[in-house]
Structure formats: C-alpha cells, structure tokens
Amino acid sequence: MIRRFDGERPAFLLDTENTSYAFRVLPTGHLEHLYYGRRIGAGGAEALASLEEKRSFAPGGVIVYDARHGTTVPEDMCLEFSSAGKGDIREPFLELVHADGGRTSDFLFAGAEITDTKPPYATLPGSYSADGSAEHLTVRLRDAQYGEELELHYYVYPDCDVICRSARLLNLSRQPLEVDRLLSLQLDLPDSPWAVTCFHGAWVREMEKATLTLPAGRFVMESRMGCSSSRMNPFFLLHDPAATEDSGACWGFNLIYSGNHYETVEVNAFGKTRVLGGIHPQGFRFLLQPGEAFEAPEAVMTYSDGGFNGQSRNMHRFVREHIVRGEWKHKPRPVLLNSWEASYFHFTERSLLSLAKTGKELGVELFVMDDGWFGERSDDTRSLGDWDVNLQKLPGGLEGLGKKLKEMGLGFGLWVEPEMVNTRSRLFEAHPDWTMAIPGKPHSEGRNQRLLDLANRDVQDFLIAKMTEVFSSAEIAYVKWDFNRIFTDVYSPALPPEKQGETAHRYVCGLYRVLGELTLRFPHILFEGCASGGNRFDLGILSYFPQIWASDNTDAVSRARIQEGYSYGYPLSALGAHISACPNHQTLRSTPLDTRFNVAAFGVLGCELDLRDLSGEDRKQLSSEIELYKQWREVFQFGDFYRGRSGNLHEWTCVSPDRKRAAGLLMQELTRANTQFERYFPKGLDGDTRYHFTNEPQRLNIKRFGSLVNTVTPFHVKQDSLVHNVIAKVKHMPGETEDYLADGQTLMAGVKLKQGFSGTGYDDNVRYFVDFSSRLYFMLAEE
C-alpha cells in the first residue's frame, strides 16, 4: 500500500505485509528519508514527525543549503536522492555536466502521483505482476536552474516484502546534457556500523560470501567487465553485524541489469550510512539532446528482521513471481543430459545417440547437444558465428537428430553462443565492422573470440533472424545460451566518437531486444542462460530465461558452496546444477555419486558426463536417484529454501508451500575423527503437523571400507584384487536408517542421528559419514 499524507509538507508511506518505507518533503524541496524496516503504524503525518531528524543549529565545518534554511545540511541528512555541488560531499546518485560546463545539480520536489499501473521500460526489463497491476509511486524532481526533470519510481510488492526503485531523467532544457552517472538505488540510514555481505569470485569460484563491518569510509562492489560478472554479483546484503540465518535486521539489494554495475556502502563523518547501486559510472557517459530521456535499470530492495533466511525467502518469492515469466515460470523443469563433458567438440550423430540412449534408460528427459555442431567447429578457435549445421557430424541436420531423439522419448536441446564470433569465420570475414573493436587498433581477445557489437541494430536484426532460423529448423525444446568472454577495447563502430561512452549500456539494451524478440517467438523453448558458468547471473537475464547455469564447476564440494552463495538472493528454480564424472574436470576431486546427486538435487537437476562409462552398480544407483528427484522435483525447484549450518557442514531444507513435504540435506566436507554425535535441524515445518521423517536406505560397496575387510574374512584380501572385486559384487554393507514420527516443532529442535563411524565398529545402526559424505532426509506430513 502506498499512502500520501498532505499537510504543511507531503509525506509518503510505502507498506508491504511486514515492512514500511517512509520519506517526506522538506521545506527546501529535498526528500528526507525517514525509515525502512519492520512495518510501522499508519498514524499519518503526525506519527511520521517522530521519525524526522531535528536540528536547531548546523554543526561546524559544513555547508548549509542556503541562507534561508540554515539547518538544512546536505552532508548530515538522510536523503532519497543526492547530487553533486550543493554540500552533500558523499558519493552522489546523479552526476551531470551541463552545456555551460557546470556540474552542480539541484533537483527539488515538483510533484507526485500514485497509480495502479507499471508501464514497461523502453529499453530494459523490469519487475511485473501477473495481473498487470502495480502499486506505483512517481515522484518528480526539477532542477529550476537548468530545466531538467528527474522521476523517481517506486514499485511495491506486498506479498514479497519487496520495494523496487528506478529513475528516469528528462532533458527538458534547450541544450545538450551529459549524463556521467544515474544510479537506481539510494538508501540513507541514520546510524552505523552495519555489516556488508557481498558475493565475489571468479570462473568456477562463483558467489564466494564475504562479510565486513563498516565503521567508516566506503566499500565498493562492482563489475567493469561488460556483464554482471562472476567477480562480483550485483546482489548484496546490509545487516546487523550480529545477524544470523534466522534473526536480526537484514536488507537485501539487487539490480535488474546484466551489464557493468556499481554498489557502494559509505559511512560519513557523522556516522550516517549511504547505500547506492546502479550502472557503473566508470566508462559511462550518455548524451541527451533536448527532449530526450534516459531510464536507469530497476533496483530491488527487501527487509527482514528474520535474518538472512527471511531476506532470502522474500527475494526468492519475488524472483519466482515478479521476474521470471512465460510458460516455464511455474512449470517443473526436465532432467537433462548435456553432451559437453562427455564429448567436448568431438562427436558424431551416432555417438550422441548412443549417449542419449543410455541417458533415457537412466531416466533423463532431455538431451542437449553442446558446442561443436556448426561450421568447421572442431575447437574454440574457429567458426563461432557460422550457425549452419556441420553435415559431416550430423548428416540429417538438426531436424534429423531431433526426430531420432523424439523417437527415443527425449526432448532436444541445443547450445548456442550468438553474441560472439571467431575471426576465423565466414561471419567475421563478411562483417569485420560488426565486432566490438577500435578500428585500426590491436584487439585483446578472450577464448579466441570477439564480441559482436550489439549496440548496432543491424547486428541485433541479424541475430534475431539467424537464431529464428536455427530454432525453427528442428523441434527444439531447450536452448543453452552461452557468453564466454568479457569486454575489452569497448568501442562500437556504429556510434560516433562522442557517443562511445554509451557503448556498453547500448550493448546490454541491444541484448535485451534480441532476447525479448526470440523468447516471444519461441515461448515453448526452455532457455537457460550461461556465461562461462555464472559470469552473467542476474535478474536481467532471468527476466527472459527462467534458469541460469550456475557454474562450470560441477565438483560437489565446490558446488555446495557456490549454490549456497546463490541461495541468498536467487531461488533454486533458477540454478542449473549437474552431476558430473569423477575425478571432476575442474578440480580433479573425487566425490561419491550420492553426494554429487544430493547437491545437484537442490536446483534444476541435470547430468554432464559419459553415462556409458558408469558401472552397472552406478547406473542402477543413478537411475533410482533420478526417479527420486522426479518424485520431489516440485519441492526442490519451487519450495521455500532454508539454510542451516554452513562451512564444513552444509545443512539445507526445502519445504513445499503448503508445508506438507520437505527435503533436507546434510553434507560434510571433511570428517573429524572419533566424532559420533550429529543432529540435523530442519526448518520451515509446520509446528503442529505430524511428519514421517526418513532417509533413503543406504547400501554401501564394501570396498569403501578398504583393508578393514580383513577384520571379517578368514584370509587376507588385497585391496582392488580380483578377490576383493568378487566380494564387492556379492556383499554390500547396509547403512543406517532414520525413521521417526514427530510433530514439526519437535523435529526442528534437532533430529539426533544414528552414530557416525568412529573406528570402533560398524553395523546397520552406524552412519557411514566420511569426507564428502551427505544424506538426504525427507519429511512427509501424515494425512
């Protein structure tokens, strides 16, 4: 609900189910931020007066706004919006250069409007409601000295406890205007210190969580890579330093944008905290002619006093309901088999069909042919951009392969990387001016490829037409859209020199036009974003693609940390997660098959290995695991997710919306000797409901116990000998069974598990829980 209180000065109160956001207009026309936190009463302007900052005299050594308002001190105020030049020396929301060279801006309140609609952006994706309605506040600010107008937009989603913000700048003057910075988010808080948690990383090390408490100065989170990047995701947290997963004040922030981004938290000399976020100002300069406008991406804010889990569930609901759209929004995602780590570039139609046949036998529903199917693509140095089928590999083309997969009962998926080109390609030879490069200057490449210039509308049109041709050439059910390098030598040959500062942003807008058109033309295709894994995992991409490949790292131990990092801001239905071979191709670590499955189950499950190489025992195990996933798929993909302990132990719970079904994970990275006792703490259950708590029956290969087999055999058995292998075929060790009936409140107090192995004996009441071990637990409400 959005309310305006008119009195001597207007004030605004934005309420969700559990939060409130308030600001008012000052006598000067500035907007003072009053409050963002737990929901407060609706006492009107009189009640909000208690939240106003009081001042009779200005502090020493500061600038006052003007002589008539001697207590208006921009540096020591909580503001909804800030600009340079009038005494607020903190980092600004907006930086402009006017035609006269002046850099001072003075935007003051000019009006406000509350509506129940949300017009679409001209160039960007944004949040939405399925019924088309929106609680929308527009505040207009005007700079009377230069004639520009700034719109601040607020969108309220009560069901998710989310408020979104964006800004739109209109050049209503008669002179050109240079925009050096226009951010999307500003939140000023009156106190400090708060803790900041960000999610940084690199290729195959995405979403590493880092926290610091900021008593003074400025902390910056950014990407200058042209994409949202694995180096620093645009999602971050601000919270009480003592906050936990389930308690404490916590704000979450994100940006619906896929390009260069910038977030900063600053504590000034007066202990006030400022949070800013939006397009990165470095390298950005947008020229607005008279009458033109620039729209900033939409920022997302949420608050919870229920700690990190409370914040996460708000964000998860918001992404599922107000970002993801189309046919796959609520539709269970298929279990797929991707050919990449099984074949890389080297395959034939026959080898692919053989791999797919094995996948079908194990329960896979969709087969994805990855890189290598087009042009002369035998490695990563050639043919990218030449999207014509290699008929030597696929004599029947995409249509022929698709038909044979359909006859097997499998959907057909395809890998593409449309935004890129190799210089060794027909496309580059025909259109060298279609790449992002400075004419006549050497270019720094990544992965032997260059970026196509999506700031050029001709390039956009080509990609739309060519991908339409590809996607129409067979019955394609799934597309993996990749993006395997970052920006260098940022320059668009299609733009004049004075507009080169617009290139990176225009590229992102061009990408959105391409994605919007293709997803409109092919609504039945399940699109999955990818960028060398998680190098472009953001709400902008999720506005078109319902899921994103979270990381090229498929090692279960690494993935537990990576997926846990994503879970702070993104729902499990957005995370592509695959079972792969061991030793793992990224880490050379070997982990048990059940752990690889258990971790990947908390996401959109797939396989990425040569299933033909599995032993008969592993095939049987994987088949039963895929069947188990299908039974619980909607809980894993669309349930409410809760984190418990993290670190050496990873403890997760996913609960169905009606709280009748729940699945939990307990995973251990490294074992600690002689430690028998352990508990699993489920979360999110209905306290009064009675549940049947179970685990999957364990059946262990005796070879897992090594030479301990000699403690029970009448003769010596050499490890990995013929005798050892024969024994392993006929003798398995039973594992522990957990089986309880209890109400949710009791279970959430902590289920004491069967004792762990500690070197003193083993039977079917002992939990085999060594390095990289894990268990899935299931809770089913009794009818």
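The values are calculated or read from the model by the stated rules, or taken from the named source; none is laboratory data. Only a predicted model underlies this, so the values are computations on that prediction, with no experimental measurement involved. Please note: Cβ atoms are built from the backbone with ideal geometry, for glycine as well, and neighbour counts cover all protein chains shown. Side chains are part of the model used for accessible areas, which takes the heavy atoms of the whole protein and leaves out ligands, DNA and RNA. Shrake-Rupley method; radii C 1.70, N 1.55, O 1.52, S 1.80 Å.
Just for the stretch 389-429: of the residues that are within 30 Å of ALA494 (Cβ to Cβ) and in a helix (DSSP H, G or I), which one is least open to solvent (accessible area, probe 1.4 Å)?
Only one residue tops the list, namely LEU427.
Find all pairs meeting these conditions: Cβ atoms under 9 angstrom apart; at least six residues apart or on different chains; first residue within the stretch 383-412 and under 15 Å from SER472 (Cα atoms); second residue of a type in the set (S, T, N, Q) and part of a loop (DSSP other than H, G, I, E, B).
Close Cβ pairs satisfying both conditions: VAL389/SER473; GLY397/SER473; LEU398/SER473; GLU399/SER473; GLY402/SER473.
For the stretch 346-376, how many residues are assigned to a loop (DSSP other than H, G, I, E, B), under 31 Å from the mean Cα position of the chain (by Cα) and among the charged types (D, E, K, R)?
Residues in the stretch 346-376 being assigned to a loop (DSSP other than H, G, I, E, B), under 31 Å from the mean Cα position of the chain (by Cα) and among the charged types (D, E, K, R): 3 in total.
Could you tell me whether LEU183 is closer than 28 Å to ALA130 by Cα, in contact with a Leu (Cβ under 8 Å, 6 or more places away or on another chain) and modelled with pLDDT of 95 or more?
Yes, satisfied.
Which condition does THR244 not pass, out of (1) open to solvent by 20 Å² or more (accessible area, probe 1.4 Å); (2) closer than 20 Å to GLU178 by Cα; (3) touching a Gly at 6+ places or on another chain (Cβ under 9 Å), if it passes all the others?
Single failed check for THR244: (2).
Do the conditions hold for GLY37, that is, is it open to solvent by 10 Å² or more (accessible area, probe 1.4 Å) and small (Gly, Ala, Ser)?
So GLY37 does not fit the description; no.
Quick one: what pairs do we get from the stretch 695-719, first residue under 30 Å from LEU747 (Cα atoms), second of a type in the set (D, E, K, R), C-beta under 6 Å, 6+ apart or different chains?
Close Cβ pairs (under 6 Å, with a partner that is of a type in the set (D, E, K, R)) amount to ASN695/GLU738; ASN695/ARG775.
Can you give me the ranges of the helices (runs of 4 or more DSSP H) entirely in the stretch 533-633 with at least 3 residues that are touching an Asp or Glu at 6+ places or on another chain (Cβ under 8 Å)?
By residue number, 556-567, 593-601.
For (1) part of a helix (DSSP H, G or I); (2) at pLDDT 85 or above, each residue gets a yes or a no:
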residue	(1), (2)
PRO682	no, yes
ASP686	no, yes
GLY706	yes, yes
THR713	no, yes
GLN719	no, yes
ALA728	yes, no
THR746	yes, yes
LYS754	no, yes
GLY759	no, yes
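Restricting to the stretch 526-573, name every residue that is closer than 17 Å to LEU336 by Cα and among the hydroxyl-bearing types (Ser, Thr, Tyr).
SER551, THR554, SER573
Please count how many residues of the stretch 500-532 are more than 17 Å from the chain's Cα centre (by Cα) and outside any helix (DSSP H, G or I).
The total comes to 5.
For SER50, which of the numbered conditions (1) in a loop (DSSP other than H, G, I, E, B); (2) free of Cβ contacts under 8 Å to residues at least 40 places away in the same chain; (3) not aliphatic (A, V, I, L, M) fails to hold?
Every listed condition holds for SER50 apart from (1).
Considering only residues that are touching a residue at least 60 places away in the same chain (Cβ under 8 Å), assigned to a loop (DSSP other than H, G, I, E, B) and of a type outside the set (S, T, N, Q), which ones fall in the stretch 452-477?
Matches in the stretch 452-477: LEU454, ALA474, GLU475, ILE476, ALA477.
Can you tell me which residue in the stretch 1-13 is nearest to the chain's Cα centre (by Cα), limited to those that are surrounded by fewer than 21 Cβ atoms within 10 Å (Cβ to Cβ) and part of a strand (DSSP E or B)?
The selected residue is ILE2.
Residues in the stretch 315-324: is at least one open to solvent by 20 Å² or more (accessible area, probe 1.4 Å) and in contact with a Lys or Arg (Cβ under 6 Å, 6 or more places away or on another chain)?
no
Looking at (1) of a type in the set (Gly, Ala, Ser); (2) in a loop (DSSP other than H, G, I, E, B); (3) touching a residue at least 24 places away in the same chain (Cβ under 8 Å), can you tell me which one GLY647 breaks?
(3)
If the Cβ limit is 9 Å and pairs must be 6+ apart or interchain, which residue in the stretch 430-449 that is closer than 15 Å to LEU495 by Cα pairs with which residue that is open to solvent by 70 Å² or more (accessible area, probe 1.4 Å) and not in a loop (DSSP other than H, G, I, E, B)?
TRP434/ASP458; PRO439/ASP433
LEU34: assigned to a strand (DSSP E or B) and either more than 28 Å from TYR157 (Cβ to Cβ) or touching a residue at least 60 places away in the same chain (Cβ under 8 Å) (or both), yes or no?
Considered against the rule, which asks whether it is assigned to a strand (DSSP E or B) and either more than 28 Å from TYR157 (Cβ to Cβ) or touching a residue at least 60 places away in the same chain (Cβ under 8 Å) (or both), LEU34 comes out as no.
Among the residues of the stretch 681-725, write down those that are open to solvent by less than 30 Å² (accessible area, probe 1.4 Å) and within 24 Å of TYR629 (Cβ to Cβ).
Of everything in the stretch 681-725, those that are open to solvent by less than 30 Å² (accessible area, probe 1.4 Å) and within 24 Å of TYR629 (Cβ to Cβ) turn out to be PRO682, GLY684, LEU685, TYR691, PHE693, ASN695, LEU700.
Considering only residues that are farther than 20 Å from GLY385 by Cα and in contact (Cβ under 8 Å) with a residue 60 or more places away in the chain, look in the stretch 478-499 and name the one that is surrounded by the most Cβ atoms within 10 Å (Cβ to Cβ).
Taking the candidates together, the pick is LYS499.
Does the stretch 70-100 hold any residues that are farther than 25 Å from GLN289 by Cα, in contact with a Leu (Cβ under 8 Å, 6 or more places away or on another chain) and touching a residue at least 24 places away in the same chain (Cβ under 8 Å), and which are they?
THR72, CYS78, LEU79, GLU80, GLU91
Kindly provide the set of residues from the stretch 49-100 that are surrounded by 14 or more Cβ atoms within 10 Å (Cβ to Cβ), farther than 25 Å from SER166 by Cα and charged (D, E, K, R), ordered by number.
GLU53
Just one of (1) under 38 Å from the mean Cα position of the chain (by Cα); (2) open to solvent by 20 Å² or more (accessible area, probe 1.4 Å); (3) without any contact (Cβ under 8 Å) to a residue 60 or more places away in the chain; (4) over 23 Å from LEU170 (Cβ atoms) trips up ARG103, so point out which.
Unmet condition: (4).
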